[in-house]
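Below is one structure, written out as structure tokens; the observations come after it.
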Amino acid sequence: MEALAPTPVVPSYGSSALSDVVPSLAASLGVDGWGNALGVPEASRWVLLLVDGLGDLNLAEAAADAPFLSGLRSAGGRLTAGVPSTTATSITSLGTALPPGQHGMLGYSFRHPVGGGLLNALLWENGLSAYDIQPRLTAFERLARSGVTLTSVSPARFAGTGLTEAALRGGRFQPVPDENDDAARIAWTADAAASGEKSLVYLYERSLDHTGHGQGWRTPAWRSTLRRIDGFAARLRAALPSEARLLITGDHGMVDAPRDRWLIVEDVPGLGSDLTLFAGEGRFRQLYAEPKRVPEVRKRWAATLGERAWVLTREEAIEAGWFGPMDPRMASRLGDVVVAMRDDGAVMTRSQPREFGLVGMHGSLTELETRVPLLVA
């Protein structure tokens with residue numbers, strides 16, 4: 001059982017958060033108007049490898065299984081993911097160079113700003129434009145307009161999807177038909193890195209997250225996947241042009257949430273009362289209610305979970321800096337009450353039975369979930 005997190009890890013927006021990565025790379029490339037908050041070295045070509053589910057503390061515990069990544073970690077630094085510490089939020093922060101409160105992709109699911117109900121930020125829906133949800137220029141678009149050759153090397157199934165367009169639009173999309181074909185991915189990435197006078201290549205690797213969700217991160221299967229990724233990253237580095245640099249990070253870490261640590265909403269009489277919408281994921285739930293019922297909802301959930309969770313109103317979480325500066329137009333997307341787990345438990349609901357197959361989870365503000373590595377090679 002994981003110990004209670006003493007305090008929430010509030011992201012260091014503007015100094016060492018995921019939203020600071022691309023600005024720092026842009027400054028390294030010599031593009032005017034960007035600041036190098038992370039202090040990355042100057043280079044004319046960068047490859048940004050995002051390993052979904054690679055938390056800094058997860059990597060530290062499995063250091064023997066990842067000699068290449070661990071060697072970089074000893075000389076590297078750490079970043080903070082945004083809040084919630086989940087893929088849709090983190091990838092959008094990375095691609096837009098904005099904190100969640102500015103880009104508005106506020107979790108795995110949240111209140112739909114256009115159609116009402118809930119928006120699932122990973123699955124999206126037919127006919128919904130990415131510009132309806134995230135209209136700001138992405139950092140990739142801005143860099144492409146500045147003459148940087150931009151390429152995204154990602155699974156073919158993600159081409160043109162809502163999340164891809166909201167977070168990563170700009171530059172050329174190189175589809176990967178077979179994610180297990182590491183040789184092809186390396187070749188495409190190296191070719192893209194050599195293109196133009198200045199280049200930035202975004203490369204996405206998702207197998208670690210998939211294994212962690214299905215089997216847990218403290219398992220032989222997770223370590224085996226990490227070993228494969230470690231070898232892939234080493235071969236990628238060797239294949240890049242000599243003038244290119246490689247930056248590796250993750251979008252969040254992971255906590256194993258055993259079933260005996262779950263709170264199932266329907267099993268607690270009255271807990272779901274007064275809710276108009278129930279969003280988020282097991283480690284970070286967003287509760288929506290009529291304004292006059294919000295104080296009672298907060299009180300009820302805080303009493304039920306006690307020290308196991310941070311239970312805040314929307315206004316309290318914004319004031320605490322969880323989402324960075326909040327654009328008033330985005331605030332209503334966020335739950336009226338947010339529930340972030342402090343232990344290794346999860347808040348589950350029988351209305352979302354697919355989530356009952358998860359072992360590894362993320363979303364909250366604990367060290368395991370929020371800290372991600374900053375590795376430069």
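The values are calculated or read from the model by the stated rules, or taken from the named source; none is laboratory data. What you see is a predicted model, and the numbers here were worked out from it, not measured in a lab. Methodologically, a virtual Cβ is constructed for each residue, glycine included, from the backbone with ideal geometry; neighbour enumeration extends over all protein chains shown. The area values use the complete protein model at the heavy-atom level, side chains included, leaving out ligands, DNA and RNA. Shrake-Rupley method; radii C 1.70, N 1.55, O 1.52, S 1.80 Å.
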query = Regarding G82, is this residue in a loop (DSSP other than H, G, I, E, B), free of Cβ contacts under 8 Å to residues at least 24 places away in the same chain and not charged (D, E, K, R)?
reply = no
request  = Go over the candidates M326, M330 one by one and state the one that is part of a loop (DSSP other than H, G, I, E, B), of a type in the set (A, V, I, L, M, F, W, C) and either in contact with a Gly (Cβ under 9 Å, 6 or more places away or on another chain) or within 22 Å of G14 (Cβ to Cβ) (or both).
outcome  = M326
query = Restricted to segment 345-369, and to residues that are in a loop (DSSP other than H, G, I, E, B) and under 17 Å from V311 (Cβ atoms), which residue is nearest to the chain's Cα centre (by Cα)?
reply = G363
ask   = Which one is most open to solvent (accessible area, probe 1.4 Å), of the residues in segment 264-294 that are under 24 Å from the mean Cα position of the chain (by Cα) and of a type in the set (A, V, I, L, M)?
value = L277
query = Any chance segment 310-321 includes a residue that's out of contact with any strand residue (DSSP E or B) (no Cβ under 8 Å at 6 or more places or on another chain), part of a helix (DSSP H, G or I) and not acidic (D, E)?
reply = yes
request  = State which residue pairs qualify: first residue under 15 Å from P325 (Cα atoms) and inside segment 8-24, second residue assigned to a loop (DSSP other than H, G, I, E, B) and among the aromatic types (F, W, Y) in any location, beta carbons under 7 Å apart, and separation of 6 or more residues or different chains.
outcome  = V10/W322; S19/Y13
ask   = Can you tell me which residues in segment 201-220 are buried (at least 24 other Cβ atoms within 10 Å of the Cβ) and outside any helix (DSSP H, G or I)?
value = V201, Y202, L203, E205, W217
ask   = Could you say which residue among A239, A244 is modelled with pLDDT of 95 or more, over 23 Å from G77 (Cα atoms) and of a type in the set (A, V, I, L, M)?
value = A239
inquiry  = Looking at segment 171-192, can you tell me whether even one residue there is more than 15 Å from D52 (Cβ to Cβ), of a type in the set (A, V, I, L, M) and in a strand (DSSP E or B)?
reply    = no
query = Since F173 meets every condition but one in (1) surrounded by fewer than 24 Cβ atoms within 10 Å (Cβ to Cβ); (2) in contact (Cβ under 8 Å) with a residue 24 or more places away in the chain; (3) under 21 Å from the mean Cα position of the chain (by Cα), which condition does it not meet?
reply = (2)
query = Quick check: anything in segment 148-161 at pLDDT 95 or above, over 23 Å from the mean Cα position of the chain (by Cα) and either buried (at least 23 other Cβ atoms within 10 Å of the Cβ) or not in a helix (DSSP H, G or I) (or both)?
reply = yes
inquiry  = Given the criteria among the β-branched types (V, I, T), more than 30 Å from L240 (Cβ to Cβ) and open to solvent by less than 10 Å² (accessible area, probe 1.4 Å), does V337 qualify?
reply    = yes
query = Out of (1) at pLDDT 95 or above; (2) surrounded by fewer than 24 Cβ atoms within 10 Å (Cβ to Cβ), the odd one out for R73 is which?
reply = (1)
The listed residue being touching a Lys or Arg at 6+ places or on another chain (Cβ under 7 Å), at pLDDT below 95 and assigned to a loop (DSSP other than H, G, I, E, B), out of A43, A5 = A5
query = Would you pick out the residues in segment 102-132 that are surrounded by fewer than 24 Cβ atoms within 10 Å (Cβ to Cβ) and part of a helix (DSSP H, G or I)?
reply = Q102, A130, Y131, D132
task = Mind telling me which of the residues R228, R223, R237 ends up being touching a strand residue (DSSP E or B) at 6+ places or on another chain (Cβ under 6 Å) and open to solvent by 20 Å² or more (accessible area, probe 1.4 Å)?
result = R237
